[in-house]
Each structure stands twice: as C-alpha cells, then as structure tokens.
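The values are calculated or read from the model by the stated rules, or taken from the named source; none is laboratory data. Keep in mind it's a predicted model, so treat the numbers as computed, not measured. Quick reminder, even Gly has a Cβ in these numbers, built from the backbone with ideal geometry, and neighbours come from all protein chains shown. Quick note on the areas: whole protein, heavy atoms, side chains included, nothing else; ligands and nucleic acids left out. Shrake-Rupley method; radii C 1.70, N 1.55, O 1.52, S 1.80 Å.
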Amino acid sequence: MLRPFCAGALALALAGPCFANDATASSGPASTTPQYVIISFDGALHLEQWERSRALARNTGARFTFFLSCVYLLSPETRKEYQAPGMRPGRSNVGSGYSREDVAGRLGQVWKARAEGHEIASHACGHFDGKDWSAGDWESEFDQFASIVANVWTLNGIEGEPEAWQDFVRKEIQGFRAPYLSTSPALYTALRARGFVYDASTVSRGPVAPKAQGGVTRFSLPLIPEGPREKQIIAMDYNLYVRHSGGKEKPDEASTFEQRAYDAFLASFEKEYTGKRTPVQLGFHFTLMNDGAYWNAMERFAREVCVKDDVQCVSYRDYLAQRPGENSGENPATGGSADGGT
C-alpha cells in the first residue's frame, strides 16, 4: 500500500516532530575517515529484486539492510497466522506471500543474503501505521514477527530449515524501521522491551550521525536537495515518486526521473565525502516505481561510490559494529511519517 510521507517534509515545512536533531560534529579529517553509505530496502517482497540487489552487492562490495515484513513469509493459506493489534486475523496493508512456493523462494533469498553478509531486520508485519498503538500493541506485533519468522518453515509446510535458523531469528534480527516511518514514545518503549539495538525510522534535515536514546540507537533518513530548484526531500524512492509523478506511473519520463534521483544521491554523497563524512543513508522499496527509475539511479550510484577505497557501503548493523563509539550521545529524535510501503 503506497501512502504519502511526512507532509511537513513534502511541503518543506522544516520545523516540527518529523525531524531528528540536525546538529552534527565533524567525524574527523576526510582523508582518514571512511565515508559510510547505508542503503536499505523496506518490505523485501519480490524475488526478482532480492536477486537484483544481491547481484549489485557482489559487483560493488556493498552490504545492505533488508527490513522484512513478516507477512511476506505467509502464504494465502497461512496468512491468518498473523493478527495485527485490533484487527481481524489475516488482515494486512500489504497482502502476503503469493504462494507456498513464493514463500519458499523468499526464505531461500533471506538465507543466501545472510550468508553473503547482508543484514535482515524487521519492518514489523502488516504494514500498519502504529502511531496510536500502545507499547503492548507494539510488543504484540514484535512477538508475532518473531514467532512467524521462527516457525515459518513449519507453518508453511516447507522442508529444509537451516540448522542455524533459530539462532538467526533470536540473535541476529536487531534492527527496526517502522511502516510509514511512524513512531511514538510507545514504540520506543516496546523496542527497548524486546531488545532491539537500533531504529531507523526518523527523519533529519540532512545527513546526521546516529545517536543513542533510551537504550536504542536512532538512525535518521536525511532530507537531501533534489531537482532544478534543489528542494529538500526525504532520501527514499517513494518520496521521489510522489514528487516526480504524483505517485502515478509515468514511464515515458523515467529516464528524466532517474537522472534527477542519481544527481541528488551523488550530490548528497559528495558533500559529505569532501566534508565531514557523516554517513549517507538512502532508502528503497522492492517496488520498481516509474519504470524502475529509482533502482536504476541507486545502482548507478552504488557502482560509482561503493568501489572507492575510502568508502564503506555497509548495513546498519555493520556500521554500528565498525563505529561503536560514535553513537553514545543523546538524540531528541521523534518520528517521521515517511515510509510508503510496498
């Protein structure tokens, strides 16, 4: 389900609760500090995009974060195993897996991606806006995510569960991005209660380093200049889709949209690469909007920058592992409303 992002950001009203603190300190001389780039994907449905992203990683050395929606591990026959807070069993804003075979293919992709060094993180389950959920509602959603992912092979009657699958579910899924980037104090209470290490749901006025708050490190997708007038926009494909074509497909203009997106990504990167070297974050979905314009732009960008010796294209998990002392401060980030779903 596609849905508009943070209205304040799209209208360029740059004040208000959509944004994290934009104060940044220099991380050191550009000549000695790697430039980090963090590319992530929300939803992680289509098998073709799993293959495509993994191929890009092999060609560039990049490692990605895949924020998985757990309903994509349920077939139409097993979708009622999920029940969102206050909803009937089986209801989801993004459907489910297409078939048992499709779910089996996705499980294979998840396991291959993990083996290749990518991160699998949580995008919750049914892609609902949880801004009004209680902490208990969020905890229920997280518990269902964990249960469905842990038991997915048995639930769907699929053979071949890897020996390390249960350890993977219990120990390795430590990051979260909220559907619609919609956050609340209750969400962060639940994240802490369920042991999440980081959240990537806030929005900042420009690239900022992550900060810890209340035991959870918060990453923020930045606003970046885009287009002939360099208007600010959240660095995510759906925001570009809405700006460029009003959220409707215009394949005849795809090459123009691709170039604009690529130029925006590269300009944001170059500013940090030649300056403070704050990490650059870009978000995408597995939906090929405007005839794939934004994926094409992302691939061009990754092939250009991720191969540089002093650039590290990493997952959120690996960024935290490589920069453990950088996220010790407090960040008064509050939620955005910027994730469009797939």
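Counting only the Cα atoms, segment 54-94 fills a convex hull of 89 Å³ per residue. Between the amide H of ARG218 and those of ASP199, LYS211, ALA212, GLN213, distances stay under 5 Å, these residues lying 5 or more places away or on another chain, with hydrogens modeled in the peptide plane.
SER268 contributes about 10 Å² of solvent-accessible surface, heavy atoms of the protein only, 1.4 Å probe. Comparing CYS70, CYS125, CYS306 in a Gaussian network model of the chain, where Cα atoms under 10 Å apart are tied by springs, the biggest mean-square fluctuation is seen for CYS306.
Most fluctuating residue of TRP138, TRP165, TRP295 in a GNM of the chain with Cα springs under 10 Å: which is it? Judging by the Gaussian network model, the answer is TRP165.
Cross-link partners for LYS271 among the lysines, with Cα-Cα distance under 18 Å and sequence neighbours closer than 8 places in the same chain left out: LYS231, LYS308.
Going by a ≥ b ≥ c, the root eigenvalues of the Cα gyration tensor, does segment 50-143 fall in the rounded group (a/c under 1.5), the prolate group (a/b larger than b/c) or the oblate group? Judged from the Cα gyration tensor, segment 50-143 comes out oblate (a/c at least 1.5, b/c at or above a/b). Given the C-alpha centroids of segment 250-270 and segment 44-101, what is the distance between them in whole angstrom? The two parts, judged by their Cα centres, are 27 Å apart.
Answer with a single label: of [x] 20.4, 65; [y] 25.2, 88; [z] 18.8, 56, which was calculated as Rg and Dmax of the Cα atoms in Å from the structure in view? Label [z] holds the value from this structure.
Cross-link pairs exceeding 29 Å in C-alpha to C-alpha distance, out of LYS80/LYS131; LYS131/LYS250; LYS171/LYS211; LYS171/LYS248, comprise LYS131/LYS250; LYS171/LYS248. Between THR65, THR217, THR32, the Gaussian network model of the chain with springs among Cα atoms under 10 angstrom shows the greatest mean-square fluctuation at THR32. Whenever you get a sec, compute what percent of the accessible area on segment 172-266 sits on carbon and sulfur atoms (1.4 Å probe). Accessible surface attributable to carbon and sulfur in segment 172-266 totals 47 percent. Under conditions of 10 °C and 1.306 mPa s, segment 224-299 yields 128 µm² s⁻¹ as its translational diffusion coefficient, taking Rh as the Kirkwood radius over Cα pairs in the Stokes-Einstein equation. Geometric descriptor of segment 131-188, per residue, is 93 Å³ (volume of the convex hull of the Cα atoms). In the chain, the DSSP beta bridges split such that about 20 percent are antiparallel, to the nearest 5. Over the chain, DSSP H runs of length four or greater, each weighted -39,500 (n - 2.57), average out per residue to a 222 nm ellipticity of -10500 deg cm²/dmol.
Other residues lying with their Cβ under 10 Å from the Cβ of ASN151 contribute a combined charge of -2, Lys and Arg counting +1, Asp and Glu -1.
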